[in-house]
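Report on the following structure.
The values are calculated or read from the model by the stated rules, or taken from the named source; none is laboratory data. If you're wondering where the values come from, they're calculated on a predicted model, not measured in any experiment. So basically every Cβ, Gly included, is an ideal-geometry build from the backbone, and we count neighbours across all protein chains shown. Each accessible area value is taken on the protein alone, full model and side chains, heavy atoms only, with ligands, DNA and RNA left out. Shrake-Rupley method; radii C 1.70, N 1.55, O 1.52, S 1.80 Å.
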Amino acid sequence: MILNVDDHEAGRYAKSRVMKLAGYQVAEAATGRRALELVASLRPDLIMLDVNLPDIGGLEICRLVRADPESSSIPILQISASAITTSDRVDGLDNGADAYLIEPVDSDVLVATVRALLRMRKAEVELAAANKALQAANELLERNNEELQRFSYAASHDLREPLRTIACFTGILEKKYAGQISADADAIIRTITQGVTRMTSLIDDLLIYAQAGQASDEDATNVDLNEVLASTLKNLEQSIKEVGSSVQADPLPIVSGNRVSLSQLFQNLIHNAVKYRVPETPGRIGVTAKKQTGNTVTIAVSDNGLGIASQHLSRIFEPFQRLHGSDVAGYGIGLATCKRIVERHGGKIWAESEGVGQGSTFYFSLPLANF
Ligand code: ADP
């Protein structure tokens, strides 16, 4: 439906005829006031607007159509007498017209311009609908994610309680009956105790994983990564010493983030670098920082350890993915936790390795602190 607004009957008739022949429905208005009434009642798909009307000026009509949310997206094609100046044309476009033609208008040009404007309008409508659907999907995803976080946190939290009971009673069994029933019974009690210990640390890891996704931007502060690294190395001092590994670190920057989560991140990566070393070879661990454009920094934690085959480089960041045997302690949640932490900080994490036995480097990006 095209609304054809022109106070000159002959011109109006000619344009309506061209548009009808091109297959459009046409409504007509000879004054600005009538045009606004028809915009409100018919909601045309496009307005062909003569700039010089007897009552309301073309620019004012454009402004009014654009100001009303119900009509603001209707394309307006302004058509004016040839006496018009360039600055009038600029005014028309600046005040909300989508295109401008000058009389006499060739009928093919008129139809082609209308078609182009309607195509543009259709694309806009489709884009707006796609955006709306995307936004709704994002909101749903976020809600589901939050629910899942709450669920996994509550589930792992609640699992602790019965486990504590089992641990407590096997402790009593061990104390009261160790060496008194049979060697078999002693072995069974020991196996239960080991199972409970493993289960407890698995639940602890799961809780850390669930919490890693919960930290929000609100608790971001300026965090000096040199301090984070120093306290990580202090925590791991014993295990680093035991295996004779050494750590070389560049001066690190101050980033914006959650101190507890970032400590967890460093702890997991350096602990892995110590854990997955080549036996009988002194472990060499490096920590470096490289400033990137856009106020971010990339930190690299490298080792000369067991390395990772290229086909496994991305899957190790998924929960419970382990590449090495069950004789190495762990549940495969550490790197998944690192991924959550880094992503919560708006960064990315990835690993590179020349291959098995060639060492690995874990990279992650973080936002630098704003001063
Ligand atoms: P975990 O160490 O508890 O098994 P992670 O999620 O920290 O779990 O790591 C997942 C897997 O990725 C590990 O089981 C190991 O096979 C591999 N991996 C992690 N860090 C390294 C590393 N520095 N060198 C070689 N392999 C690694």
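Remarks
- Globularity ratio of segment 41-81, using Cα Rg and 2.2 N^0.38 Å: 1.11
- Net length gained if the chain between residue 259 and residue 164 were fully extended (0.36 nm per residue, minus Cα distance): 31.2 nm
- Modelled label positions at residue 309 and residue 204, each set 7 Å beyond Cα in the direction of Cβ, lie 3.3 nm from each other.
- Within the accessible area of the chain, the carbon and sulfur atoms contribute 54%, probe 1.4 Å, all protein chains present.
- Charge context of residue 3, other residues only, Cβ under 13 angstrom, K/R +1, D/E -1: -1
- Overall size of the chain from C-alpha positions, given as principal axis extents largest first: 113, 46, 38 Å.
- Listed peptides 314-320, 180-186 appear in the order 314-320, 180-186 once ranked by packing, highest mean of other Cβ atoms within 10 Å at the front.
- Pairs of Cα atoms farther than 14 Å apart, segment 147-198, %: 59
- With 5 Å bins from 0: P(r) over segment 66-155, alpha-carbon pairs, percent: 3, 11, 13, 15, 12, 9, 7, 6, 6, 5, 4, 3, 3, 2, 1, 0
- Mean accessible surface per residue for the chain, computed with a 1.4 Å probe while every protein chain stays in place, in Å²: 57
- 0 to 90° range, to nearest 10: angle between helix 107-177 axis and the chain longest Cα axis: 20
- Extension reserve of the residue 115-residue 321 stretch, reckoned as 0.36 nm per residue once the Cα distance is removed: 68.6 nm
- Extending 7 Å from the Cα toward the beta-carbon at both residue 352 and residue 152 defines two label points whose distance is 2.9 nm.
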